[in-house]
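Data block below; observations after.
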Amino acid sequence: MTTAILPIPPIAWTEAEFEARLRAMESGYHIHHPFNQRMAAGQCSPAQIRAWVANRFYYQDNIPLKDAAILSNCPERDTRREWVVRILDHDGTDTQPGGIEAWLRLGQAVGLEREALLSHRHVLPGVRFAVDAYVNFARRAPWQEAVCSSLTEMFAPAIHKERLAGWPTHYPWIEAAGLDYFRSRIPLAQRDVDHGLRVTLGHFRSAAQQQRALDILQFKLDVLWSMLDAIQQANP
């Protein structure tokens, strides 16, 4: 009788190794997408910039819905208290307009009417599909997995700094105040990353769980990449 040899289970990474694997996924971030590279190089027309702003607004407008979905699935009071500020960051308060208002001002700065943005009438089907898939994931997934998907924020400061550095030169027709959204997100992104990493590193402990986390982050990277695919195809 032959004794079956059981496979040796993979060994989980240390927290430092796991975080390094998550951060290494920056190579798939949409800062490297051809359309974003064209924007960064000043090669987009006003119509292409307006198309990007209008379609990206659909993502911005849905961020509070995504964050509310995470809250609705999270039984931990301390986590909810820390996470809820993300909704206020975007929806704003009486004294702080918030990210959605800042993006509406960006829209006006590039020549779009507020109503056109709020109505989402310029949103492409591919963009709508990708964003809706992300919100639905946050609604249905365990809250820790939805938190993990937010870790694309690790890579966001670089793209905001890129636009702040290049757009005033490449697109001088855009009113400078319209770029306030990018400026405001740099410090907030680091705060959000610190919290998201604490949750992710603390929850995804086994090798299988850590691989699941990488797959989730890849899904979110694909959402952002697919949005630019759709915008590029419609605005060659």
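Derivation of every value follows stated rules applied to the coordinates shown; laboratory data play no part. Keep in mind that what you see is a predicted model, and the values were worked out from it rather than measured. Neighbour counts run over all protein chains shown; Cβ positions are idealised from the backbone, glycine included.
For the reader, a short list of remarks on this structure follows.
- Whole-number Å³ per residue for the convex hull built on Cα positions in segment 112-194: 126
- Cα-centred dipole magnitude for the chain, charges only on beta-carbon of K, R (+1) and D, E (-1), debye, nearest 20: 220
- Loop GluC sites (Glu not before Pro), segment 134-178 (other Cβ atoms within 10 Å of the site Cβ: 16 or fewer; DSSP): Glu175
- Value of Rg to Rh for segment 1-132 (Rh from inverse mean 1/r over Cα pairs, i.e. Kirkwood): 1.15
- Based on C-alpha pairs under 8 angstrom that are at least 6 apart in sequence, the chain has a relative contact order of 32 percent.
- Angle between the chain longest axis and helix 46-73 axis [Cα atoms, degrees, rounded to 10]: 40
- Longest segment of the chain lacking trypsin sites (Lys or Arg not before Pro) that sit in a DSSP loop with at most 14 other Cβ atoms within 10 Å: 1-120
- Helix-only CD estimate at 222 nm, as mean residue ellipticity for the chain, using -39500 (n - 2.57) per DSSP H run (n ≥ 4): -22500 deg cm²/dmol
- Between helix 207-234 and the chain: long-axis angle, C-alpha atoms, 0 to 90°, nearest 10: 20
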